[in-house]
Structures are given as structure tokens and as C-alpha cells.
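What follows is a single structure, written as C-alpha cells, with notes after it.
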Amino acid sequence: MTAGAVIPLTNSRDINFMNKILRLTALLSALGAFNPLHASPYDTPPTWGGDLASRPRLTGNWGGVRDDMAKKGVVLDLDVYWMPQTITGGGKEHGGASWGNAIATLNVDTHKLGLWQGGFLKVQTVTSFGHNILGNVGAVVPANLSWILPTIEPDTGLQEFTYTQFLSRHSGLFLGKINSIAPTNVFHGDYRTGFLNAGINMPLALGLVPLSAFGAGALYLPSHDVTLAAMVLDPSGTIKSNDLGHAFEDGVMALASADLKIRPYGLPGHQNLALAWSNKDRISLSQDPSNIARLLLNERFPLLGNPGPILVEILERYAPGLLIPAAPLNRENKTWAAVYSFEQYLWQPAGDPKRGLGMFFSLGASDGQANPIKYSYSLGVVGKGIVPARPHDDFGIGWARTTFSDNFVPFMRKTFDLGLRHEDAIELYYNAAVTPALSISPSLQIISSALNRALDSNGNLKGLDTTYVAGVRVGIRF
């Protein structure tokens, strides 16, 4: 069979082999982010029906229609996550708020639909509602990844519209509007069921990679244990930007990833190296003090939400003269970042590959010239189905450190004693599966903000103490 031949899925053996390949590619990511394969076979149960305690979705099988659609390769889901959180100590301001995401997803398998083999389509929208406490925590890294989806205000956006075509058992192509934070890892990366903090879920050294953007890429599996992938994205893409005519107007974001599957002592795991490079012309972090406000208000750092206003309000209060630019902006036309990561089971019960105790780790670095994050680290332990009599519950404890570039607003750091050296976050969560369609997850975060001080409600600089954020996530799969 040539590399370009379409896979002849003519028997159960071939179909099972393809499913093994696709399960392997689900490991290919840099800590759950920037997955090069998005549309893929969607696991479906024998039936979506059953009583309320056992059915996979709250609304059941729609009188049999849902089961018929799944047999033809069409699966439509609506998931809603409601996340009230409150600051119980420290922070910029006390108090709480309720935020939520509604995620609609369509998966289509062209082979099951009776069309051609090896083709998979995925469309996903995200709608946010309520109010969040992003501006009150005082942290630079969002304590809840969903707070920036699709934007930091309630809104609706197209997060993904991708098509994947497998050309052989070893290669495939994909293109469309790519969701770069699609959850794929076993132990972290999915704010809907696991950790909420962006620094624990995502490798922030890759913080200039857009959350969603038009792009294309290729996947190659030279062996069962090795997966290689590469893709290019519009470096200015957002969940809200859907005009293909403006894609790639200011350069490209290129990503490459190599993933190695390992089994020390018979326990599954994988190691990954991800690289990113972009030639987009960006505002440099190294600026004359008079350009600080222009940097903070005009440059966006996707995984940080929008930290600019927190710092600009200090300039408006104590150094208004610096709001008037006096020199041309310095620019950077290249940026790079790299992340090494791994996930590894430490223990599993015999005969059950979906349960066990495992850990994850990542270390990322960037040039620190256009990217305010110089280094990022994360580490955690997760238990899946190991609580007695609770085989579908998960729990985790994770830590993340985000180290900022020395070039990021050094004048403000020195003048106002802002710190901005590194930010630490610890998060604990327990995800209780009440039914297959309903989960309730209490969580607690302890955050040592990168900012030493911030403006309070009276416009005065106040010291920031360690922040405690408590909350609960209620997830319903309709």
C-alpha cells in the first residue's frame, strides 16, 4: 500500500487498527494543548437511552433518533458548565461570581455516513454567560481557563471547524479553524472535568499561540509508539475571528510536535516535545517607558486573557505622563517557544486501563522578547477511579509556576515595586460523577500572584496577599 492510498476499512480488523491509531494520536499534544488532530472517530455507547441514573446524556436517545444518527456517524452534543467561584482570602477584591460555558459540538464520520473512508468533521461553538472574577483575583494567569472563552466578556464564538482525512494507516491531513486548546491528555488540560487554572492546564510558554485560528497540518506515525505532527496557524486568529479572507495577513505560527509512547514496568505513559515559531510582526517587550501603555493596550497574549488594563490603571493614577508616547515602538518579527512534557501512570488496577494513579510534568521556555512568559512549569498527581465504590470519580492536585521575562515592563516593576517575577498556583479538585450526564466538582486554588501590588477600589496601591479561590463546577451533558 502506498503512503497516499486511502485506507480500505473493509473489515473489523482494519477498523480496530484505525481506532488504535486514533487513540494514540489523542496523546499528541503539549500538555493537552495544541493538538494537531481534532476531528476523529467519536466513541458512542450502544444506546443513548436508559434511566436517568445510567443514560450517557440527560435528554436520552430522543426517541431513537439519536441512536440512529450515531450509527450513521453523526453525533450532536450540548454540554453546559456552571462555575460559581469566590475569593475567600487575599486577592485584589473579595467576593464571588458565577460564570458558565455552553459548548455545542457536531462530529461527523464520513465512512459511517456512507460517503468516503477516513474522513472526520468537527464543528464546535462556545457560549459564555454570567460574570467572572478575573479582574478581582489579582493574578496575571487566569484562575479559570473558561474565563477567556470565547472572550473575557459573555459572548459566543466558533471555536472549531476542522476536517481530517486519513490517507493511510500512517498519515493524515487536517485543515480548518483549529481549536488549539482541545483537551486530549489523560491527567490534565480539560477545564470541564479537571483543573481550572490556566497555568496547570496549559504550557504558558506557548502563550502566543492563538486559542483558535485558521490553519492546516499533517500527521505521520512511523511506528505504533511514535507520532509526528506539524501545522501552521494564522498567528492573529481568535475564537471570534471567522473571516478567512484576512487569515495569514501578518505571517504564520508554525508548530511541530513529536510524541513517544512508553510503558515502564508495563504502565502506559508518553513523552512529548513541542516547538513553536512565528514571523508575525509584534510589539517588542523592550520599550522606552513612554511606550509601556501602548504595549499593554495593543498587544494581546491569548492565554493570559488581557492583563494590560490592570497595569495601565496604575500608570493612569500615578504616572499619567507615560500615557503619551514619545518614541517609536520597538518591534520583533520573530518569536519561538519550546515545551517538553510527559504523562505517566504510576499505578493501575489489573485489567482496567482507564483507572489508576498518575502524574504529569511540563517545562517550557520562550525567547522572552515578544512573549512575556520566559519559562513555565507544571506538575501534578491525578487519581482516576481509585476512590472505593466511586469508579467514575477523579481527583487531582497540581502546581504551576509562570516566570515572566525580564523585558516585561521593567520600569513599572522598579518604580512601583510590582514584582512580576513569577506566579505560583496550587489547585485541588474532586470531580464527582453523580450520573454519567451530571458531575459536580468542588475545587480550591492557592495563588501567589506575580504582582506585589495593585490598585484597590479607591485607587490606592495595596499589597496583594496570597489569594484563595474556592468554587464548584456543575457539568451537565444534554
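Each reported figure results from applying straightforward, stated rules to the coordinates on display, with no laboratory input. Remember, it's a predicted structure, so these values are computed and weren't measured experimentally. Here the Cβ is made from the backbone with ideal geometry for all residues, glycine too, and neighbour counts use every protein chain on show.
For S405, the residues 5 or more places off, or on other chains, whose built amide H falls under 5 Å of its own are I373, K374. Remark: segment 450-461, residue by residue, has Karplus-estimated 3J(HN,Hα) of 5, 7, 6, 9, 8, 6, 8, 5, 9, x, 9, 5 Hz, where x stands for each Gly or Pro and the curve is 6.51 cos²θ - 1.76 cosθ + 1.60 at θ = phi - 60°.
Placing unit charges on the Cβ atoms only, positive for Lys and Arg and negative for Asp and Glu, gives segment 12-477 a dipole magnitude near 740 debye about its Cα centre. Straight-line cross-link partners of K92 among the lysines, defined as a Cα under 19 Å from its Cα and at least 8 positions apart when in the same chain: K462. Ordering N333, T227, L315 by the projection of their Cα atoms onto the charge dipole of the chain, which places +1 on the Cβ of Lys and Arg and -1 on the Cβ of Asp and Glu, puts T227 at the extreme positive end. Listed by chain and number, the lysines whose alpha-carbon sits under 21 Å from that of K334, ignoring those within fewer than 8 places in the same chain, are K280, K374. Excluding F478 itself, calculate the net charge of residues whose Cβ lies under 13 Å from the Cβ of F478, where each Lys or Arg counts +1 and each Asp or Glu counts -1. So the environment of F478 carries a net charge of +2. Restricting the calculation to Cα atoms, every distinct pair contributes to the Kirkwood radius of the chain, found to be 23.3 Å. By the count of other C-beta atoms within 10 Å, a proxy for reagent exposure, S54, S362, S128 are ordered fewest to most as S54, S128, S362.
Between G49 and N61, the built amide H atoms are under 5 Å apart, and every one of these is 5 or more places off in sequence or on another chain. The angle separating the long axis of helix 12-25 from the principal Cα axis of greatest extent in the chain is about 10 degrees. Amide H contacts under 5 Å for V252: N279, K280, restricted to partners 5 or more places along the chain or on a different chain, H placed in the peptide plane at 1.01 Å from N. Residues M412, M253, ranked from the fewest to the most other C-beta atoms within 10 Å, line up as M412, M253.
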